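Student: Below are the structure tokens for one structure; questions will follow.
The values are calculated or read from the model by the stated rules, or taken from the named source; none is laboratory data. Computed from a predicted model, the values in this text were never measured in an experiment. Cβ sites come from the backbone with ideal geometry, for glycine too, and all protein chains shown count toward neighbours. These accessible areas exclude ligands, DNA and RNA; they are computed on the full protein's heavy atoms, side chains included. Shrake-Rupley method; radii C 1.70, N 1.55, O 1.52, S 1.80 Å.
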Amino acid sequence: MRAWVIRATGGLDQLQQSDVPDPPGPSGPPGAGALGPRHVRVAPRAAALNHLDLFVVRGLPHEYRFPHIVGADGAGVVDAVGAEVGSVRPGDRVMINPGIPDYSCEYCRAGEQSLCRSYGILGEHFPGTMAQYVVVPEQNVAIIPTLSTPLTWPEAAAFSLVTLTAWRMVVTRAQVKAGETVLIWGIGGGVSLAALRIAKLVGARVIVTSSNDAKLAAARRLGADVTLNHHTQNVSQEVRALTQKRGVEVVVENVGEATWEESLRCLKRGGRLVTCGATSGPDVRLDLRRVFWHHYTIMGSTMGNAREYAEIVRRLGEGQLRPIVDRVYPLAEARAAYERLAKGEQLGKVVVEVTP
Ligand SMILES: [Zn+2]
């Protein structure tokens, strides 16, 4: 099958379109080559990019099996199902939840799949979605909801990773409430944009930042109450001025080194900081005295569990949380899609059309 792969890490020059062996499918031989009893094979129609995909190509500290098929997010048509699969059938149109747990450890049994001892993500630890076929556990696909304006394939592909991540951060972890003020850094990014919409959904007042005024204008159209240009404005001073010198209840972080100290300066006494990423670097400075004196809560979050995924899919079916697609590239131009993401030009999701 055709797939975008890397044969070594190092950067976008490593990306290449290549022929690789098909994964197990309907006509696979019994035994090792057969589709697992609870696995489904999906033919992706579109794959959406995340910052994770850039990190995978640059090189992450886990073992790769080359050629490594890239792409975490995707949506497509079920092509084959294992013998015990009951929730979907060939021909079903599905979105893929790219977080793959073992569904058996103590965390999985407790319903916390994203805390799984052997948690992995498509396109990072497992063969990804930028291919003619991808194989996942049946629990990792959801039928695409029917909407009055049907979701396009790029929209469906763009949904899972960032919406799930932002939902867990804002709703489950930070427990943002109506009337609270939330600061979200870097509104062009997919998680930040999803966090903005979720925070508005629960009734919060939302302050967003970007270095790009056009993105800030778009964020206002999407419901942001206040926008700050973090290149031309001092964010913590502005936040203090906007909150009667108190600061915000919640900061949504995924930037890391470049924003961390400023994030803490923006936080109200008793405030919560939730982080899911470190796009500018992971080694932050933390003055513990500030943490205990101000009763700060700092919490980590990655992806989300099965219950949270079911909830965001349900909300999508009600017309909420519809993904925002920045640009769609044909499969042959996948590298250009990566470059757009690497330059941070996007507002919303950068998507690759796998099958027209
Ligand atoms: Zn587990």
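Student: Using the Cα atoms of the range 1-101, I'd like the radius of gyration and the largest Cα-Cα distance, Dmax, both in angstrom.
Tutor: In Å, with Rg to one decimal and Dmax whole: 14.8, 42.
Student: How much of residue 338 can a 1.4 Å solvent probe reach, expressed as accessible area in Å² and rounded to 10?
Tutor: About 0 Å², ignoring ligands and nucleic acids.
Student: Then there's this: Mind checking which aspartates and glutamates have their Cα closer than 17 Å to the Cα of residue 215? Skip sequence neighbours fewer than 8 apart in that chain.
Tutor: Filter leaves 225, 326, 345.
Student: Continuing with the same structure: Rounded to whole Å and sorted largest first, what semi-axes of the equivalent ellipsoid does the C-alpha gyration tensor of the range 262-342 yield via the square root of 5 times each eigenvalue? Could you put the intermediate results ahead of the total?
Tutor: Working: eigenvalues 228, 93, 25 Å².
Sorted largest first and rounded, they come to 34, 22, 11 Å.
Student: Further question: Which of the aspartates and glutamates could be linked to residue 268 by a straight reach, that is with a Cα gap under 14 Å, when you skip same-chain ones fewer than 8 residues away?
Tutor: By straight Cα distance, residue 268 reaches 180, 238, 249.
Student: Using +1 at the Cβ of each Lys and Arg and -1 at the Cβ of each Asp and Glu in the chain, identify which of 216, 36, 302 lies farthest towards the dipole's positive end.
Tutor: Positive-end residue among those listed: 216.
Student: To continue, here is another question. Hey, got the dipole for the chain? About the Cα centre, +1 on K and R Cβ, -1 on D and E Cβ, debye to the nearest 20?
Tutor: On the way: 39 positive and 34 negative charges, 228 e Å.
Computed charge dipole of the chain: roughly 1100 debye.
Student: Shifting gears a bit: How far apart, in nanometres, would the label points at residue 265 and residue 345 be if each is projected 7 angstrom from Cα along the Cα-to-Cβ direction?
Tutor: A separation of 3.2 nm, rounded to one decimal place.
Student: May I ask for the distance between the Cα centers of the range 261-317 and the range 212-229, given as a whole number of Å?
Tutor: Result: 21 Å between the Cα centres.
Student: Below 17 Å, Cα to Cα, which lysines can residue 200 reach? Residues fewer than 8 away in the same chain don't count.
Tutor: Within reach: 177.
Student: Further question: Would you mind computing the Rg to Rh ratio of the range 158-301 from its alpha-carbon coordinates, Kirkwood style for Rh? Please report the intermediate quantities before stating the final value.
Tutor: Working: Rg = 13.6 Å, Rh = 14.7 Å.
A ratio of 0.92.
Student: Return an integer: the convex hull volume of the alpha-carbon atoms of the chain, in Å³ per residue. Please report the intermediate quantities before stating the final value.
Tutor: Details: hull volume 48.8 nm³, N = 356.
Taking only Cα atoms, the chain has a hull volume of 137 Å³ per residue.
Student: What value in Å³ per residue do you get for the convex hull of the alpha-carbon atoms in the range 157-205?
Tutor: On the way: hull volume 2.9 nm³, N = 49.
Dividing the Cα hull volume of the range 157-205 by its residues yields 60 Å³.
Student: Solvent-accessible area of residue 268, probe 1.4 Å, all protein chains present, reported in Å² to the nearest ten, please.
Tutor: 50 Å²
Student: To the nearest 10 degrees, how steeply does helix 153-167 sit against the main Cα axis of the chain, on a 0 to 90 scale?
Tutor: With rounding to tens, the tilt is 50 degrees.
Student: Build a GNM of the chain with springs between Cα atoms under 10 Å: which of 142, 342, 131 gets the top mean-square fluctuation?
Tutor: In the Gaussian network model the winner is 342.
Student: Still on this structure, please answer the following. Test of understanding: what is the full-extension gain from residue 115 to residue 291, defined as 0.36 nm times their sequence separation minus their Cα-Cα distance?
Tutor: That works out to 60.8 nm of additional length.
Student: Reported to two decimal places, what Rg/Rh ratio describes the range 113-181 when computed on Cα atoms with Rh from the Kirkwood expression? If you can, show how the numbers build up before the last one.
Tutor: Working: Rg = 15.2 Å, Rh = 14.8 Å.
Taking Rg over the Kirkwood Rh, I get 1.03.
Student: So, one more: Pop out the ³J(HN,Hα) list for the range 304-318 in order, Karplus 6.51 cos²θ - 1.76 cosθ + 1.60 with θ = phi - 60°, rounded to Hz; leave Gly and Pro as x.
Tutor: For the range 304-318, the Karplus-derived couplings read x, 8, 5, 5, 5, 5, 4, 5, 6, 5, 4, 5, 4, x, 8 Hz, x marking Gly and Pro.
Student: Same structure again: May I ask for the angle, rounded to the nearest 10°, between helix 334-343 and the longest principal axis of the chain, with both axes built from Cα atoms and the value confined to 0 to 90°?
Tutor: 10 degrees
Student: Ordered by packing density, taken as the mean number of other Cβ atoms within 10 Å over each peptide's residues, highest first, how do 187-198, 146-157 rank? Intermediate values should be presented prior to the final figure.
Tutor: On the way: 187-198: 25.8, 146-157: 18.2.
Output ranking for 187-198, 146-157: 187-198, 146-157.
Student: Could you tell me how many degrees, from 0 to 90 and to the nearest 10, lie between the Cα long axis of helix 190-201 and the main elongation axis, the longest principal axis, of the Cα atoms of the chain?
Tutor: The answer is roughly 60 degrees.
Student: How big is the gap, in Å, between the Cα center of the range 107-137 and the Cα center of the range 1-27?
Tutor: Comparing the Cα centres of the range 107-137 and the range 1-27, I get a distance of 18 Å.
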